[in-house]
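Visitor: One structure, pasted below without further comment.
The values are calculated or read from the model by the stated rules, or taken from the named source; none is laboratory data. Predicted model only: the values in this text are computed from it and were never measured. So basically every Cβ, Gly included, is an ideal-geometry build from the backbone, and we count neighbours across all protein chains shown. These accessible areas exclude ligands, DNA and RNA; they are computed on the full protein's heavy atoms, side chains included. Shrake-Rupley method; radii C 1.70, N 1.55, O 1.52, S 1.80 Å.
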Amino acid sequence: MDDLLKGRLGGADGYTIRCAIDGDKIVGRAGGKLSGKDIDLEITERGVAGSVGDESVKIELQDGELRGNVGKETLTLRGVDRVTGYLGAPIVGWNISAQQTGEKLEGRLGSTVLGREFSLDLGSAPGWVGTLVAVVAFYALEPRASLSH
């Protein structure tokens, strides 16, 4: 049976995130029918690989951190239920902070002023999976998230 990961990125004016988790596959959508992006990720022995929209996602476990790329941006995540990290280059990138409490995940990407909050129901998924999905959705849907274009 599939497990559902669902919630919002950016509050009332943000986007819906809804993914099914089946074994090692995470498949779903962030955003609406017209402006949304499909999410297709697979947890591998070395990390996570897949795509969001037409951008690739490839991160690997290195020294206790998940490191790699979401599209053209670098990503670093650390932790399981208390997750921190960074998307993009130093100075112009986005801080990541999230906390899992039971089956709920609350977090923030970026600063208090310009950042986006996210809230997800995780089902039985760990917090790092929810955080990764939120970051991938943020990258795909927020024009300012991709700073190196």
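Visitor: In region 30-42, what residues are of a type outside the set (A, V, I, L, M, F, W, C) and over 25 Å from Glu60 (Cβ atoms)?
Guide: Looking only at region 30-42, we keep the residues that are of a type outside the set (A, V, I, L, M, F, W, C), and these are 31-33, 35-38, 40, 42.
Scanning region 30-42 gives Gly31, Gly32, Lys33, Ser35, Gly36.
Visitor: What's the total number of residues in region 48-60 that are more than 15 Å from Ala140 (Cβ to Cβ) and either at pLDDT below 95 or outside any strand (DSSP E or B) (or both)?
Guide: So the answer is 0.
Visitor: Sticking with this structure for a sec: Cβ-Cβ under 6 Å, sequence separation 6+ or interchain: first residue in region 91-110 and under 15 Å from Gly10 (Cα atoms), partner surrounded by 14 or more Cβ atoms within 10 Å (Cβ to Cβ) and basic (Lys, Arg). Which pairs?
Guide: Ser97/Arg108; Leu109/Arg116
Visitor: Hey, another quick one. If I filter region 44-72 down to residues being more than 13 Å from the chain's Cα centre (by Cα) and touching a residue at least 24 places away in the same chain (Cβ under 8 Å), which single residue comes out as farthest from Gly7 (Cα to Cα)?
Guide: Among them, the one singled out is Lys72.
Visitor: Can you find a residue in region 108-122 that is out of contact with any Cys (no Cβ under 8 Å at 6 or more places or on another chain), surrounded by 16 or more Cβ atoms within 10 Å (Cβ to Cβ), aliphatic (A, V, I, L, M) and part of a strand (DSSP E or B)?
Guide: Yes, region 108-122 contains a residue that is out of contact with any Cys (no Cβ under 8 Å at 6 or more places or on another chain), surrounded by 16 or more Cβ atoms within 10 Å (Cβ to Cβ), aliphatic (A, V, I, L, M) and part of a strand (DSSP E or B).
Visitor: Which residues, counting only those in region 17-52, are open to solvent by less than 70 Å² (accessible area, probe 1.4 Å), of a type in the set (S, T, N, Q) and out of contact with any Asp or Glu (no Cβ under 6 Å at 6 or more places or on another chain)?
Guide: Thr44
Visitor: Please go through region 72-95 and give me each residue that is under 21 Å from Lys37 (Cα atoms) and either at pLDDT 95 or above or part of a strand (DSSP E or B) (or both), ordered by number.
Guide: Taking region 72-95 as the starting set, the residues that turn out to be under 21 Å from Lys37 (Cα atoms) are 72-75, 87-88, 94.
Answer for region 72-95, where residues must be under 21 Å from Lys37 (Cα atoms) and either at pLDDT 95 or above or part of a strand (DSSP E or B) (or both): Glu73, Thr74, Leu75, Leu87, Trp94.
Visitor: Within region 123-133, count every residue that is open to solvent by 40 Å² or more (accessible area, probe 1.4 Å) and either in a strand (DSSP E or B) or not polar (S, T, N, Q) (or both). Walk me through it before giving the result.
Guide: Kept after step one, since they are open to solvent by 40 Å² or more (accessible area, probe 1.4 Å), are these residues of region 123-133: 124, 126, 128.
Narrowing the set further to residues that are either in a strand (DSSP E or B) or not polar (S, T, N, Q) (or both) leaves 126, 128.
The number of residues fulfilling the criteria is 2.
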